[in-house]
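What follows is one structure encoded as structure tokens, with my remarks underneath.
The values are calculated or read from the model by the stated rules, or taken from the named source; none is laboratory data. Everything quoted here is computed from the prediction, not taken from an experiment. Every residue, glycine as well, gets a Cβ built from its backbone with ideal geometry; the counts of neighbours run over all protein chains shown. Heavy atoms of the whole protein, side chains included, go into the accessibility calculation; ligands, DNA and RNA do not. Shrake-Rupley method; radii C 1.70, N 1.55, O 1.52, S 1.80 Å.
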Amino acid sequence: MKPHTPAATPVLGDDAPAGPDPVWLRARSLLDGLPGGRGLNIAHEAVDRHVAAGRGERTALRCVAADRTVTPVTYAELARRANRFANGLRALGVGKGDRVASLLGRCPELYASVLGTLKNTSVFCPLFPAFGPAPVEERLRLGEVRVLVTTAELYRRKAAERRERLPGLEHVLIVGPGSERLPGTASFDALTAEASEEFTIPDTDPGDMALLHFTSGTTGTPKGAVHVHEAVVAHHATAALALDLRPDDVFWCTADPGWVTGTSYGIIAPLTHGATLVVDAGEYEARRWYGILADERVNVWYTAPTAIRMLMRVSPRGSPPELPRSFDLSALRFIASVGEPLNPEAVRWGQEILGLPIHDNWWQTETGCIMIANTAGAEIRPGSMGRPLPGVSAGVLARGPEGRAAVTDGRVRVLEEPGAEGELALRPGWPAMFRGYLGEEQRYRACFADGWYLTGDVARRDADGYYWFVGRADDVIKSAGHLIGPFEVESTLMEHPAVAEAGVIGRPDPVAGEIVKAFVSLKPGFEADDALARDLTAFARRRLGPAIAPREIAFDQHLPKTRSGKVMRRLLRARELGLPEGDLSTLEETA
Ligand code: ATP
Ligand code: MG
């Protein structure tokens with residue numbers, strides 16, 4: 001089956017600048033390109049060029065097993081493993097543009113699969129191993145996946161039963177033992193053991209499709225965002241600009257490789273810098289995480305607000321931080337967070353408890369790389385996502401009654417005045433931007449107007465150019481003539497000592513249009529009762545004023561979240577209103 005390849009030409013509006021921004025040209029010059037001017041391939045920049053430059057013996061991965069034993073993998077070894085996989089794919093007749101998906105925990109084979117697939121100019125599509133069978137099937141079908149790399153257990157639990165509904169899935173490669181007992185599968189280990197460890201990357205056009213990432217499904221059905229090899233220019237540059245990553249660093253990205261962060265910054269960007277990556281096979285546990293930060297001497301740590309808030313629950317501000325203080329975190333230089341709004345309290349917690357502030361940054365699956373960030377050395381404004389990185393041109397667009405940017409006769413209106421709220425938009429043309437939603441041309445085209453890419457998020461920019469997240473365009477609440485961003489209300493509630501997390505929605509109301517309703521989860525030791533609800537309401541009213549403070553408060557220790565840790569406000573709203581719950585494929589299972 002020949003995969004459908006969407007147009008690799010970005011949609012540029014009439015007003016878009018001609019040619020790439022000089023920042024990206026400079027960033028490109030920091031990479032090598034394939035020898036002999038044969039193009040640009042992500043895997044070459046991530047591993048081969050270090051080996052060619054005599055840096056092959058540096059440690060690329062420090063694989064931390066569940067029992068905390070550590071296995072290092074050098075750049076040279078990683079390159080050999082990737083070559084073996086690339087040759088294995090070739091032996092199977094899998095070539096350029098063919099999709100290879102992974103359903104794996106964090107193990108060295110995952111890294112070999114990503115890099116080997118890219119070397120072979122096939123397209124890599126990471127899937128989250130905690131997905132159930134239905135979302136796995138849906139993504140394998142949508143992605144027109146020919147090869148799946150997984151383990152016997154994951155295959156048995158998530159894919160075997162649905163295999164016959166996926167005629168396009170020709171090869172299932174099982175990492176570790178068990179393939180001999182699973183019909184229709186082959187051994188990854190045998191395939192790669194037989195293959196040569198030499199591989200020459202074929203010519204690769206920077207516009208060749210490289211990665212297929214499904215979005216988180218926070219606002220609706222997940223979309224398959226198509227990315228190209230040229231994205232590596234932006235991965236490399238933004239890791240230095242936004243994460244302060246340097247070649248000798250030990251870097252830990254806690255995002256699962258099944259999401260775009262876990263691939264772009266968990267694999268590609270740090271390898272292009274020659275850094276050492278911590279690869280933790282275990283699950284979140286506060287003591288384990290502090291132990292890894294300390295023992296692996298992590299310098300740069302990229303994580304998510306939900307993880308920070310879990311650590312905050314364990315060691316709240318104002319109490320003696322016994323747990324973090326019992327670890328030597330002196331190697332840690334820079335902490336960054338992405339994926340959801342980072343409430344100001346979390347930034348202050350980092351400063352007080354870890355001795356370092358947390359740098360929030362903003363981007364999307366579609367943008368492919370960090371766009372707006374609190375960078376090293378710049379003043380952090382707690383609660384702000386920071387400022388656009390060099391080479392990124394952002395704007396705030398006036399919105400229409402539907403909440404999205406208003407497009408009149410093909411034109412949008414840019415809001416110049418500081419503090420004005422509108423849809424966050426970006427000028428297309430950066431190297432990592434997506435080149436399509438797989439099989440959904442219309443949905444892709446609808447993201448662009450008047451030379452802008454429309455993000456679907458609402459933000460405001462202050463007089464100094466800092467961007468403040470207001471909410472998803474779909475989540476913004478309209479109450480008694482006010483437009484209320486759920487994030488502001490959630491952040492305020494999270495400043496109350498009892499509140500661990502909050503999700504805020506608008507509930508239809510005959511008088512006000514919508515009223516603000518908050519769902520909150522509590523920190524240990526607090527009782528969910530009427531007195532606390534009254535106290536929270538009063539607390540929010542004092543800080544936000546009666547027009548914005550929640551009118552109703554409900555306690556919910558299991559706020560619905562995506563598996564990547566984002567509060568699913570659409571689900572809170574659907575449940576509140578008794579509406580259909582929609583796509584639940586990325587909903588996290590609660591204990
Ligand atoms: P879907 O598009 O399927 O609804 P999703 O938008 O959550 O899911 P992602 O691409 O993983 O999928 O997430 C990008 C979104 O996450 C952004 O559009 C924004 O709403 C939110 N986000 C990311 N970083 C931040 C941040 N620093 N502050 C606030 N929101 C953020
Ligand atoms: Mg989105």
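Tabulated data
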{"quantity": "Qualifying GluC sites (Glu not before Pro) in the range 387-475, DSSP loop, other Cβ atoms within 10 Å at most 13", "calculated": "Glu402, Glu416"}
{"quantity": "Shape category assigned to the range 354-448 from the gyration tensor of Cα positions, a/c cut at 1.5", "calculated": "oblate"}
{"quantity": "Heavy-atom accessible surface of the chain: percent carbon and sulfur, 1.4 Å", "calculated": "51 percent"}
{"quantity": "Rel. contact order, % - alpha carbon contacts under 8 angstrom, at least six apart, the range 360-408", "calculated": "26 percent"}
{"quantity": "The chain: relative contact order in percent, alpha carbon pairs under 8 Å with at least 6 residues between", "calculated": "13 percent"}
{"quantity": "Degrees, to the nearest 10: 286-295 long Cα axis against longest axis of the chain", "calculated": "50 degrees"}
{"quantity": "Rounded to 5, percent antiparallel among DSSP beta bridges of the chain", "calculated": "55 percent"}
{"quantity": "Radius 15 Å from Cβ of Arg333, net charge of other residues (Lys, Arg +1; Asp, Glu -1)", "calculated": "-3"}
{"quantity": "Listed pairs Lys119/Lys566; Lys119/Lys561; Lys478/Lys523; Lys119/Lys223; Lys478/Lys561; Lys96/Lys561 exceeding 27 Å between Cα atoms", "calculated": "Lys119/Lys566; Lys119/Lys561; Lys478/Lys523; Lys96/Lys561"}
{"quantity": "Nearest 10 degrees, 0 to 90: helix 231-243 Cα axis against the chain principal axis", "calculated": "50 degrees"}
{"quantity": "Förster-model FRET efficiency, 45 Å R0, Ala528 and Phe327, C-beta, rounded to 0.05", "calculated": "0.90"}
{"quantity": "Per-residue [θ]222 nm for the chain (sum of -39500 (n - 2.57) over DSSP H runs n ≥ 4, rounded to 500)", "calculated": "-7000 deg cm²/dmol"}
{"quantity": "Loop sites in the range 209-295: GluC sites (Glu not before Pro), DSSP, at most 15 other Cβ within 10 Å", "calculated": "Glu283, Glu285"}
{"quantity": "Nearest-ten-degree value, helix 133-142 long axis tilted from longest Cα axis of the chain", "calculated": "70 degrees"}
{"quantity": "Filtered GluC sites (Glu not before Pro), the range 162-212: DSSP coil and at most 11 other beta carbons within 10 Å", "calculated": "Glu198"}
{"quantity": "Three-way shape call for the range 322-383 based on the alpha-carbon gyration tensor, with the a/c threshold at 1.5", "calculated": "prolate"}
{"quantity": "Shape of the range 475-577, Cα gyration tensor, a/c cut at 1.5", "calculated": "oblate"}
{"quantity": "Per residue, in Å², the accessible surface of the chain once ligands and nucleic acids are set aside, probe 1.4 Å", "calculated": "38 Å²"}
{"quantity": "Relative contact order (percent, whole number), the range 475-577, Cα cutoff 8 Å, 6+ residue spacing", "calculated": "28 percent"}
